[in-house]
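First comes the structure, then the notes that go with it.
The values are calculated or read from the model by the stated rules, or taken from the named source; none is laboratory data. From a predicted model like this one, the values you see are computed outputs, not experimental measurements. Here the Cβ is made from the backbone with ideal geometry for all residues, glycine too, and neighbour counts use every protein chain on show.
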Amino acid sequence: MIKARVRGIYSLSLTQIMLQNHFDIVQPTVDVARRFGLPVKKNIPEVDIWDRSDLQGIVAIAYESVLERLIEVLRRRLGDVITRTPKVAKSSIYRGVVVGRDDKTGHTRINLGKASGLLPDKKLKRGTPIMVQVRAHDYGRKAPVLSTNITVPGRAVVLLPEPVVRISTKIKEPEKRRWLIQLGRDIQEHTDNWGILWRTAAEKLTEKELREETDDLLDAAQQMHTKYSELDETGILFEGTSNADIEFSSEVKEALDKTRAKIKPTVTRHHFYKSAGYAPLVDLSELIIEERPEERKYITAKLEQVISSNAPKENDPINIEHVKLDGRNIILSRGRVIEVNPKGLVLRRQFRHTTRKLKMSRDHPDGAKVPRDEGDYAITYVVLGSRLLVTKYYSRKGDLKGTYVNINTGVELYPANNGPSRVRYIDLEVDVIQQTNGDVRIVDQHLLKRALHRGFLTKDIAERTLKKADSVYQDLIEGRI
C-alpha cells in the first residue's frame, strides 16, 4: 500500500477516500486517528498532501507513478478535478544536450528528451552533452530551470556536492541536532566527497535506517554517473519527486462535503466556507452540532446569517477570478454590483482602455480579436453554481455589440474578506458568442483539446464541455439566452 500523509481542510474527506482505495495513512492528525481508529504510524510518507495556499485544492508531492495513482483515484471519486503536473519532475537529473541560446531569456536551452529547460549559462557550445538537474518547474507554462550543481535527494537524506553536514531548520531539538551532525560526519568519511543534508524526516529514523538510505543514495549516484557515460543521447539519470497541483471545482467541494458528512457532522458547503476563510466559525458550528444535533437547523441558519452579512450588495465593487486550466488566475476588469437577486448577481464592468479586445466578428478567424471602443461596458449575469457565465457587451451609447457565454465549472461567490467580494470559477476554454446580427459560433475548441493533451482535465470533462457548448449554441439561436 502507498503510504500517505494528509494535512489541511480537506484531510478528513481525503483520508476516507484514500483508505477505501488501499492507501496507508501515516502520521495522521489526532482528530483523523480518532475518527478512523488509525495507529499513529511514524513511517516516512510516499506521498505528502497539504492545502494549496489559496485553499482551492491540494498540493501533492511524490514520485510520478504514485501521483498518477492518487490522481486516478480522486478523478474517479470526485469528478471535476483539475490537475497540473510538470513535464519534468523537480530534482530529476538528466543527460541533456545543448541546443543553443534562448532568445527570450538569454539563457542556454538544454534538450532533455521529453522536454527542454533553461540553464543560466551562456558559454556552452551547441551539441555539447551535459548533466543537469531540474531546480524549478511551472507545470508546463514555462521551461524548467536547470542547474549543473547536482544533489541526490532521498526522503530523509540529501547528498550534497560539497563535503559539509547540514540539518533541516525544522529539526529543533538541540540533542537531536548534535547527534545528527556527528552521525553525518561519521558517514561523510566514506561518501567520496559527497556532503550530507538531513531532511526533517531524519528526526524520526534510527541510525541504521539513516545509514541504509545514505548507502542507497550513494549507489544511485554511482549508477547515475555510469549511465551518463554510457548514454549516446538525452535521457533521465535519476527520477526526482514531482509536484501535483490539484484544484477542486465547486462540484468537487460538494462531493467532498458528502464524503465528510458520513464521518462526522458537516454543515452544508463546509469546504467552500473553509476555503473562503471561515474555518474557525465552521469548526465551532460543527462542534456544537455534534454535541447538540437537535439544534443543527438553528446553528446552520446562524452560520449562514453571519457569512451572508459579508455578501456583496448593490453598488459594491467586485472582482471576477477567471482561472485558466493551466493555473493562471486572471482578474477581469473590476465590476460593480447593479442587482442582487435570488439566483445571484448582475455586474457592470466599464472598459476604459481601447487596447482591450474582444473576439466577436466573423470577419476575423478564430483567435483574431476586434478592439473595443472607449467607453464600452459589459453586463455580466452571475448565477451561483452555474456552469455558464453570460456577458453582454454594449457601446458607450448602450447599443448591444454581442453576447459572450463562457463555459466553466460551477460559479462560486466569495464574500468580502479583507478586500472586495469575488466571483470565481475555472474556465473550460470553450466559449459561445453571438453578434447583433444573430450570427452564433463556438470558439476555442483547440484550447480545450490542448488542455486535454496536457492532462489538466479528463476526456469526460472535455466531452461534457463540448456538449454544454452545443446546448448554449442552440439556446442562443432560439433566443433563450
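Any chance region 414-422 includes a residue that's over 24 Å from ASP54 (Cβ atoms) and in the same structural domain as TYR381 (by TED's automatic domain parsing)?
no
So which residues in region 431-465 are within 20 Å of GLY479 (Cα to Cα) and either acidic (Asp, Glu) or within 23 Å of the chain's Cα centre (by Cα) (or both)?
ASP431, ASP439
Out of the residues in region 420-430 meeting the condition of being in contact (Cβ under 8 Å) with a residue 60 or more places away in the chain and over 21 Å from LYS253 (Cβ atoms), tell me which one is surrounded by the fewest Cβ atoms within 10 Å (Cβ to Cβ).
Checking each candidate, the answer is PRO420.
Among the residues of region 326-342 satisfying the criterion of being under 30 Å from LEU452 (Cα atoms) and of a type in the set (A, V, I, L, M), which is surrounded by the most Cβ atoms within 10 Å (Cβ to Cβ)?
Here the answer is LEU332.
Can ILE289 be described as over 24 Å from the mean Cα position of the chain (by Cα), β-branched (Val, Ile, Thr), crowded, with 18+ Cβ neighbours inside 10 Å and over 23 Å from ILE426 (Cα atoms)?
Spelling it out, ILE289 is indeed over 24 Å from the mean Cα position of the chain (by Cα), β-branched (Val, Ile, Thr), crowded, with 18+ Cβ neighbours inside 10 Å and over 23 Å from ILE426 (Cα atoms).
Could you go through region 211-225 and let me know if any residue there is over 34 Å from the mean Cα position of the chain (by Cα), over 24 Å from ILE93 (Cα atoms) and in a helix (DSSP H, G or I).
no
Taking the stated definitions as given, is VAL252 part of a helix (DSSP H, G or I) and either touching an Asp or Glu at 6+ places or on another chain (Cβ under 9 Å) or in contact (Cβ under 8 Å) with a residue 24 or more places away in the chain (or both)?
yes
Among the strands (runs of 3 or more DSSP E) lying completely within region 1-112, list those that include at least 3 residues that are under 30 Å from LEU448 (Cα atoms) and of a type in the set (Val, Ile, Thr).
57-62, 81-84
Can we say THR259 is modelled with pLDDT of 95 or more, among the hydroxyl-bearing types (Ser, Thr, Tyr) and in contact with a helix residue (DSSP H, G or I) (Cβ under 7 Å, 6 or more places away or on another chain)?
Yes, satisfied.
Can you find, within region 96-127, the residue that is surrounded by the fewest Cβ atoms within 10 Å (Cβ to Cβ) among those that are within 14 Å of ALA143 (Cβ to Cβ), charged (D, E, K, R) and without any contact (Cβ under 8 Å) to a residue 24 or more places away in the chain?
The selected residue is ASP103.
Considering VAL323, VAL282, which residue is of a type outside the set (Ser, Thr, Tyr), modelled with pLDDT of 95 or more, crowded, with 17+ Cβ neighbours inside 10 Å and not assigned by TED's automatic domain parsing to the domain that holds GLY410?
Result of the check over VAL323, VAL282: VAL282.
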